[in-house]
1. For the range 271-329 and the range 54-98, what is the separation of their Cα centres, given in Å?
2. Any chance you could give the angle, 0 to 90 degrees and rounded to 10, that helix 214-243 forms with the longest Cα principal axis of the chain?
3. With θ taken as phi - 60° and the coefficients 6.51, -1.76 and 1.60, list the Karplus ³J(HN,Hα) couplings across the range 48-53 in order, rounded to whole Hz; mark glycine and proline as x.
4. What nm value, rounded to one decimal, do you get for the distance between Tyr2 and Met45 when each label is placed 7 Å out toward the C-beta?
5. Residues of the chain: accessible area per residue at 1.4 Å, in Å²?
6. Which ³J(HN,Hα) values in Hz, rounded to whole numbers, follow from the phi angles of the range 98-110 under the Karplus curve 6.51 cos²θ - 1.76 cosθ + 1.60, where θ = phi - 60° and Gly and Pro get x?
7. With each run of n ≥ 4 DSSP H residues scored as -39500 (n - 2.57), what mean residue ellipticity at 222 nm is computed for the chain after dividing by its residue count and rounding to the nearest 500 deg cm²/dmol?
8. Going by a ≥ b ≥ c, the root eigenvalues of the Cα gyration tensor, does the range 124-184 fall in the rounded group (a/c under 1.5), the prolate group (a/b larger than b/c) or the oblate group?
Amino acid sequence: MYQRVKEYIRRFHMLDGEDRVIAGVSGGADSICLLFMLTELSREMGFTVAAVHVHHGLRGASADRDAAYVEEVCREWGVKCLVSHEDVGRYARQNGLTTEEAGRDVRRAVLKKVKQEEGGTKIALAHHQNDNAETLIWNLCRGCGLRGLGGIAPVTGQWIRPLLCLKREEIESYLENRGISYCTDESNLTDDYTRNRIRNHVIPCLEEAVNSQAVAHMSETMELLRLVGGFVEQEADRLGKRCVRYEQTGTGGLRGVLLKEKFLQIPEALRGFVLQEMICRVAWRRKDIGAVHIRDLGDLLGRQVGRQVHLPYGMCARRIYEGIELSVLSGGEGPVKNEVFHGCPVESRVFERTADMLIFPQNPYTKWFDYDIIKNTVKIRHREPGDYITISKDGGTQKLKQYFINEKIPGSLRDGIWLAADGKHIMWIVGYRQNQMYQITDKTRRILELKFYGGQGDGRERQSDDFGSGGYEKD
């Protein structure tokens with residue numbers, strides 16, 4: 001198995017003798033195997049290794065034991081070990097994330113910080129073939145493009161994954177045969193997370209009832225799809241230069257103009273990739289850019305000049321004579337995740353509703369709305385004459401002024417309260433009440449999420465915010 005990992009590293013040019021590797025080590029079988037392999041390979045190839053363990057502050061004495069074990073193993077193997085104590089629970093609450101999402105964000109941030117402080121060149125993660133199979137199934141079920149079908153890549157910039165050539169069972173067997181112990185995170189044994197349910201039920205069912213080599217075959221297919229995806233993206237980039245023009249904006253972002261006639265000349269199979277790249281370049285990020293947004297942008301070509309479509313991160317696509325103009329709304333900031341409306345930071349995204357979305361945000365500063373019933377451009381503003389809100393499920397409305405009077409909101413505060421408005425129809429009185437008409441129902445297809453001040457702030461006064469990034473990373 002050592003030789004397989006060594007060959008895998010060489011095949012994808014992951015490491016050379018000049019590298020300083022920062023390895024994420026949780027203490028579980030996967031990361032202990034990663035550390036062992038890197039330690040052995042460092043003697044042969046000449047690179048150096050340091051281990052980083054992130055204590056999430058969630059599992060009490062159990063987490064303390066994991067940290068102590070990692071430190072002990074590193075002492076025995078002569079590896080420098082850095083333990084970072086973090087409050088993942090607080091980070092999750094501050095950013096409106098699940099603990100699983102928050103843990104990934106925190107681990108990623110710590111690893112990047114240590115890499116910079118230690119002069120590291122690569123960050124090694126312990127993903128293996130089972131992780132990749134879980135990712136493929138999850139992406140398929142949620143809906144994904146060609147990139148999602150490729151699963152987890154062996155190398156992504158500074159991030160390397162030397163164990164992607166191995167199955168979980170091989171890793172555990174390898175450690176057992178060498179008498180190397182490891183920790184077991186009890187949270188992985190529960191069905192609290194979607195990924196756990198795939199791991200504990202779906203994968204075993206496929207291996208037992210369909211094909212015992214299901215994980216290996218999925219891994220091979222994902223590798224092929226990554227190759228195909230790379231070619232498709234190169235072609236889409238080449239053709240995109242013919243039909244998309246980018247201009248620098250005053251805020252340092254980009255404005256994209258899609259030229260309709262030239263766009264329609266490229267193969268239909270590549271058009272979606274061109275549109276996706278256009279959205280991602282203007283947004284400065286790929287997270288939460290999905291098929292629904294690509295479809296909305298493409299559909300705009302068939303609409304009248306002047307029509308608009310709103311996309312995540314404060315972007316607005318407008319039908320113009322040449323084709324489509326895509327830019328960040330006035331007052332927004334392209335290179336950052338949140339939007340700013342006259343000094344009020346708001347994070348927004350549009351995504352498709354799935355069957356497992358049964359619990360909606362209870363945070364008073366994060367709300368979901370039925371995106372498809374919104375009639376106008378959603379504006380974040382203060383009160384205006386004629387504003388009203390639907391206050392009952394049977395359609396009963398009330399003037400905004402009367403609502404303020406009934407709720408005994410002081411007159412001195414009313415002009416400073418932020419509103420999310422669909423024309424004169426108030427969707428949300430931030431910090432107070434959400435419109436009944438825009439509530440999520442069984443018929444909802446797409447959801448608009450609005451989050452003020454990272455989900456913590458107030459409708460009148462700005463609080464500190466710290467928006468996290470997503471992506472599946474594992475230590």
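1. If you average the Cα positions of each part, the centres end up 41 Å apart.
2. Between helix and principal axis, roughly 50 degrees.
3. Rounded to whole hertz, the list is 10, 10, 10, 9, 10, 10.
4. So the two model labels end up 1.5 nm from each other.
5. Values: 23020 Å² over 475 residues.
With the other protein chains kept in place, the chain gives 48 Å² per residue.
6. Per-residue couplings from phi come out as 6, 5, 5, 5, 4, x, 5, 4, 5, 4, 4, 5, 5 Hz.
7. Working: 16 runs with 181 residues, N = 475.
After summing the helix terms and dividing by the residues of the chain, the value is -11500 deg cm²/dmol.
8. Values: a/c = 3.13, a/b = 1.86, b/c = 1.68.
Because a/c hits 1.5 or more and a/b exceeds b/c, the range 124-184 counts as prolate.
The values are calculated or read from the model by the stated rules, or taken from the named source; none is laboratory data. Only a predicted model underlies this, so the values are computations on that prediction, with no experimental measurement involved. Every residue, glycine as well, gets a Cβ built from its backbone with ideal geometry; the counts of neighbours run over all protein chains shown. For the accessible areas, the whole protein counts, side chains as well, though only heavy atoms, and no ligand, DNA or RNA atoms are used. Shrake-Rupley method; radii C 1.70, N 1.55, O 1.52, S 1.80 Å.
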